[in-house]
Amino acid sequence: IELTIRGAFPRFDYEQTDALYWGSDLQVEGQLVKGFSYLATASLVWAQNVGDGNFFINIPAHQFLLEIKKTWDDLNRIRQPWIAVSGNYTMEQYRAPEVYPFESVFEPGASTVLPSSFDFAAAPDGYFLVGARAGMRLGQTSFQLGVENLLSNTYRNYMNRFRYYMDEPGLNITLRVKHNF
């Protein structure tokens, strides 16, 4: 914990240790019926300090994605039109280090002995995000319109250090234009 004239801030010091990491990235995709396809993914990661059995900070929580995509045949000059809807579930990181909030460390007269691995805030709750994308090609130019967090859910991502202070952005709309020369 770094004390400055502006207040107390988390500081992360890293040391080498014996660690065990294991996990898997899984992906299944296929055709449902003509014009409809699906994509399902899972990213699973576990990590632990072998020496003392503690968990590491900032290990990603398990994530699952399901996307359904509809494609159409070319329509005159419009090539490869498609639309996709996705659901993305991120679990709460249940293998997180022990929590010692700022207040408990800096109480007057407190002499808290901190372990080698701890966090300042509990891991955020899991969350479910809905997204949608659509795209097409016109000649040498591709267009894609995407909407992330379509329901504008309030959530915090365990991997973002800003999670100590604020929520993730809400609804996000992106337009991508790619022109091949």
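The values are calculated or read from the model by the stated rules, or taken from the named source; none is laboratory data. Everything numeric in this text was worked out from a predicted model, so none of it was measured. In this analysis, Cβ positions are derived from the backbone assuming ideal geometry, glycine residues included, and neighbour counts consider all displayed protein chains. Remember, those area values only see protein heavy atoms, side chains included, never the ligands or the DNA or RNA. Shrake-Rupley method; radii C 1.70, N 1.55, O 1.52, S 1.80 Å.
Helical runs (DSSP H, four residues minimum) scored at -39500 (n - 2.57) apiece and divided by the length of the chain put the mean residue ellipticity at 222 nm at -500 deg cm²/dmol. Computed about its Cα centre, the charge dipole of the chain is approximately 1300 debye, with only Lys, Arg, Asp and Glu carrying charge at their Cβ. Considering only TYR94, ILE68, ASN54, the residue lying farthest towards the positive end of the dipole of the stretch 40-105 is ILE68, judged by Cα position with unit charges set on Cβ. For the stretch 45-60, 3J(HN,Hα) computed residue by residue from phi via the Karplus equation (6.51, -1.76, 1.60; θ = phi - 60°) reads 9, 10, 8, 8, 6, 5, x, 10, x, 6, 8, 8, 7, 6, 9, x Hz, glycine and proline entered as x. The mean accessible area for residues of the stretch 113-181, using a 1.4 Å probe and ignoring ligands and nucleic acids, is 64 Å² per residue.
Start at zero, step by 5 Å, and the Cα-Cα distances of the chain spread as 1, 7, 11, 13, 14, 13, 11, 9, 7, 6, 4, 2, 1, 0, 0, 0 percent across the bins. The residues of the stretch 28-85 expose on average 62 square angstrom of accessible surface per residue, using a 1.4 Å probe on protein heavy atoms. How large a share of the accessible area of the stretch 12-88, in percent, is made up of carbon and sulfur atoms when the probe is 1.4 Å and the other protein chains stay in place? Ligands and nucleic acids excluded, carbon and sulfur reach 55 percent. Summing charges over all other residues whose Cβ lies under 12 Å from the Cβ of THR174, with Lys and Arg as +1 and Asp and Glu as -1, gives +1. The chymotrypsin sites (Phe, Trp or Tyr not before Pro) of the stretch 5-60 that meet both conditions, a loop assignment by DSSP and at most 12 other Cβ atoms within 10 Å of the site Cβ, are PHE12, TYR14.
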